[in-house]
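We did not get these values from a lab; they are worked out from the coordinates using the rules stated. Just so it is clear, the structure is predicted and the values come from calculations on it, not from any experiment. Cβ atoms come from the backbone with ideal geometry, glycine included; neighbour counts cover every protein chain shown.
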Amino acid sequence: MHYKIKYMDSSRAALAQNDTSRVIARSGTRRETSTMIYLTRKCEFSASHYYHSPELSAEENLRLYGKCANLNGHGHNYTLEVTVRGEVDPTNGFVIDLKDLKEIMNREVVETLDHRHLNKEIAEFARRNPTTENIAVYIWRRLEPELKVAKLHRVRVYENHDLFVDFLGEA
Amino acid sequence: MKAYLTKRYWLSASHRLHSEKLTEEQNRATYGKCNNPYGHGHNYAVEVTVGGQIDPASGMICDLGELDCVVAREVLERFDHQNLNCLPEFREAVPTSENLCKAIYQILQPRFRAAHLEKVRLEETSMNSFEYSGGEEIDR
């Protein structure tokens, strides 16, 4: 019987309270101290959307998407967590300059999506449902080419406190 | 495109940590306040993570309503507002959060087939949490 369980104490909860957290992972197999850092920054945006598949009937849309099928739309306060990873620069001690990450997230995500109607104002979602899954992929595609110093590791989008989607760039 | 979706649910239950394999004294030393013979309770948060390809037509990994139904029927109805020590799942095992987390994973794994069950994460309080992935390493 496999039985491995991971236990987290309050230190992770404490990290989650902040806008930014740094997690250090040490390589256990290499003798030299290779230190990969994972850094996470949060931001928020509020947007409206609805779900609709044109190839389905109104009844089928309602059955599949429930309340989200209301064509007048509804909205959420989304929280985005962007995690980047990389080695620490020996000169400045950063994996990435947080000012740069904040500026990229503001430009590529907040200024683009905040207080927008995703179906009607974002070309990507004219024919593709703005589900939390698709929003995570969209954000990944905007951020990934902008991140040069540290690599994009994970995009996590919270639709609300109890529902989130992770995208790690996997095909 | 593969993505991972996590939904958070809540259940409230009581338990007493007490092992038949230990003496009264050893139980008190091991479990402390959790060994109180009358039991105590928690509001547990259960995070269920499923993974899979995003369906190009719907934009979703799976029907979230279906996940809600399976979790409500199989997990919440079974454990919510119950004394865990009185349930068949804990006839042999001590109802620690490790064992509850593992039990929830094992209940859901064969019953939810619309996407791959990646992980169950259980918060006993806001200060401690437990993750089980069928015995696999968790590195995301």
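Tell me which residues, restricted to the range B:115-128, are touching a residue at least 60 places away in the same chain (Cβ under 8 Å) and surrounded by 15 or more Cβ atoms within 10 Å (Cβ to Cβ). Answer for the range B:115-128, where residues must be touching a residue at least 60 places away in the same chain (Cβ under 8 Å) and surrounded by 15 or more Cβ atoms within 10 Å (Cβ to Cβ): B:115, B:116, B:117, B:118, B:119, B:120, B:121, B:122, B:123, B:124. Figure legend. Inter-residue proximity from the range B:50-62: first residues surrounded by fewer than 18 Cβ atoms within 10 Å (Cβ to Cβ), second residues of a type in the set (S, T, N, Q), beta-carbon distance below 7 Å, spacing 6+ or different chains. Indicated pairs: B:57/A:53. Out of the residues in the range B:81-98 that are polar (S, T, N, Q) and surrounded by fewer than 20 Cβ atoms within 10 Å (Cβ to Cβ), state the one that is nearest to the other protein chains (Cβ to nearest Cβ). Going through the qualifying residues, I end up with B:96. Scanning the range B:9-33 for residues that are surrounded by 16 or more Cβ atoms within 10 Å (Cβ to Cβ) and either more than 14 Å from every other protein chain (Cβ to nearest Cβ) or free of Cβ contacts under 8 Å to residues at least 60 places away in the same chain (or both) gives B:13, B:14, B:15, B:16, B:17, B:18, B:27, B:31.
Checked against (1) touching a Gly at 6+ places or on another chain (Cβ under 8 Å); (2) within 25 Å of residue A:65 (Cα to Cα); (3) more than 9 Å from every other protein chain (Cβ to nearest Cβ), residue A:129 passes all but a single condition, namely (3). Restricting attention to the range A:53-104 and to residues that are among the basic types (Lys, Arg) and surrounded by 12 or more Cβ atoms within 10 Å (Cβ to Cβ), the residue that is nearest to residue A:125 (Cα to Cα) turns out to be A:63.
If you go through the range A:31-84 and keep only what is within 12 Å of chain B (Cβ to nearest Cβ) and among the aliphatic types (A, V, I, L, M), you end up with A:36, A:56, A:62, A:64, A:69. The set of residues in the range A:132-158 being within 10 Å of chain B (Cβ to nearest Cβ) and not basic (Lys, Arg) consists of A:132, A:133, A:134, A:135, A:136, A:137, A:140, A:153, A:155, A:157, A:158.
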